[in-house]
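This report concerns only the one structure given below.
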Amino acid sequence: VLMFGLQGANWLTVRTEGDLRQRAVRIARLAWPTLGAAWLAVTIVSRWAAPNLWTSFGSPLAWVAPLVGLLALLATGWFVVRGAGTRALLASSATIAALVAILGIGLYPAILPDGDGGPGLTVANAASSDLTLTVMLVIALIGMPVVLGYTAWIYRHFWRPVDAGEGGY
């Protein structure tokens, strides 16, 4: 909740003006150190509560995601304090990506762990057949340009910041 609250506040600092933007800046200034404290607390508790999540972190390469996440979180705070909304949004996006990567590294090879200690859903037993992957590739090659074009059109159409007074928010 804190992570996406920070992301939403950063988004509002980019997309709004006036009082709403100032409220979003205040929320972002409170949310980013709170997220940092929560991340630290969850990391400490998970070391004892779920030690199996730490087995994949034996490789030095696995520590890239936590390092990137920490640097991105610090950069988020730096940009929030300085009022650089777009950079704060990009840095908080990198924080989210790093936290998701940390979870993926910790759970690997499980995608969905079994609460009873079984193997759960793993990468190997979740893989699709070659035919399914081929069909999905064709669909993606056709669909992605449409999605990207529509997204670019929408972004271009609604690129201006919104004043809270215009829409009655």
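The values are calculated or read from the model by the stated rules, or taken from the named source; none is laboratory data. Quantities reported herein were computed from a predicted structural model and do not represent experimental measurements. Using ideal geometry, Cβ is built from the backbone for each residue, glycine included, and neighbour counts are taken over all protein chains shown. All accessible areas refer to the heavy atoms of the entire protein, side chains included, with ligands and DNA or RNA removed. Shrake-Rupley method; radii C 1.70, N 1.55, O 1.52, S 1.80 Å.
What do you get for chymotrypsin sites (Phe, Trp or Tyr not before Pro) in region 131-162 restricted to DSSP loop and a cutoff of at most 16 other Cβ within 10 Å of the site's Cβ?
Values: sites: 150, 153, 155, 158, 159; in loops: 158, 159.
The qualifying sites are 158, 159.
Which order do peptides 56-63, 9-16, 68-75 fall in by mean Cβ count within 10 Å, highest first? Intermediate results must be reported in sequence, preceding the final value.
Working: 56-63: 11.4, 9-16: 21.5, 68-75: 17.6.
For the peptides 56-63, 9-16, 68-75, the packing ranking is 9-16, 68-75, 56-63.
At 1.4 Å probe size, with the rest of the protein present, what percent of the exposed accessible area of the chain is carbon and sulfur atoms? Write down the numbers at each step before the final one.
On the way: 8300 of 11600 Å².
Of the solvent-accessible surface of the chain, carbon and sulfur hold 72 percent.
Relative to the present Cα-Cα distance, how much length would full extension add between residue 44 and residue 82 at 0.36 nm per residue of separation?
Numbers: separation 38, 0.36 × 38 = 13.68 nm, distance 3.02 nm.
Answer, rounded to one decimal: 10.7 nm.
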For this session: Report the one residue of 65, 123, 159 whose Cα lies farthest in the direction of the positive end of the charge dipole of the chain (charges on C-beta: Lys and Arg +1, Asp and Glu -1; origin at the Cα centre).
Result: 159
For this session: Subtract the Cα-Cα distance of residue 116 and residue 146 from 0.36 nm times their separation in residues, and report this length gain in nm to one decimal.
Result: 6.5 nm
Problem set entry | Net lengthening on full extension, residue 153/residue 96 (0.36 nm per residue, minus Cα-Cα) | 18.0 nm
Exercise. Rounded if a/c is under 1.5, else prolate if a/b is larger than b/c, else oblate: which is the chain, with a ≥ b ≥ c the root eigenvalues of its Cα gyration tensor?
Worked result: oblate
Seminar exercise, completed: The helix 2-15 Cα axis meets the longest alpha-carbon principal axis of the chain at an angle in degrees, between 0 and 90 and rounded to 10, of 40
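Tell me what the chain gives for mean residue ellipticity at 222 nm when only DSSP H runs of n ≥ 4 count, each as -39,500 (n - 2.57), the sum divided by the residue total, rounded to 500 deg cm²/dmol.
Numbers: 7 runs with 124 residues, N = 169.
Calculated mean residue ellipticity at 222 nm is -25000 deg cm²/dmol.
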